[in-house]
């Protein structure tokens, strides 16, 4: 198993699965022997986490990719539907916006440029409408606050109090949606 150690000014040890290996975050002063003991003391957690990740990877590998025709249909539906949702929420956020584009992305659900142009992933059309709306509101809030500061989330939660529920759904189910994109050859 690949173990990567990242040392910093932190005060405690932590461990996470990352890119098929284990990432241990450690204070600069902790010895390699102490790190090895830490890893050994968390073997049960590590084995469960590795098994969970293997199951998740198997599930994602079993997902049937969308055909080009299905992707075109999703993009067309998104081009018709998303501007309506943006137009609905923009006054609630108190912002204007520029051009809206629809893309097929593997890493983003939406983005907002400094010029106010919005971009959305066509795969959002496979998510529940409330989840899609949460991405729209998230991007519109970036028209007022371009970072993810407390001020940004205060605005976001004012407009959509149940945002965290929808964000959690996307974190949990988003990888399966992304897996529907045709595999690169």
Take every DSSP beta bridge whose two residues both sit in the stretch 1-96, then give the antiparallel share in percent to the nearest 5. 45
Give the distance, in whole Å, between the Cα centre of the stretch 38-56 and the Cα centre of the stretch 105-121. 35
Specify, per residue and in Å³, the volume enclosed by the convex hull of the alpha carbon atoms belonging to the stretch 3-61. 72
Fraction of beta bridges assigned by DSSP in the chain that are antiparallel (%, nearest 5): 45
Could you line up 113, 149, 134 from fewest to most neighbouring Cβ atoms inside 10 Å? 149, 113, 134
Inter-part gap, Cα centre of the stretch 130-144 to Cα centre of the stretch 147-185, in whole angstrom, is 9
Which three extents, in angstrom, do the Cα atoms of the stretch 68-178 have along their principal axes, listed largest first? 40, 29, 21
With the convex hull built on the alpha-carbon atoms of the chain, volume per residue in Å³ sits at 159
Most exposed to least, judged by fewest other Cβ atoms within 10 Å, 141, 112 sort to 112, 141
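Just so you know, all these numbers are worked out from the coordinates, no wet-lab data involved. Not measured: the values here are computed from a predicted model. Cβ: placed from backbone, ideal geometry, glycine included. Neighbour counts: every protein chain shown.
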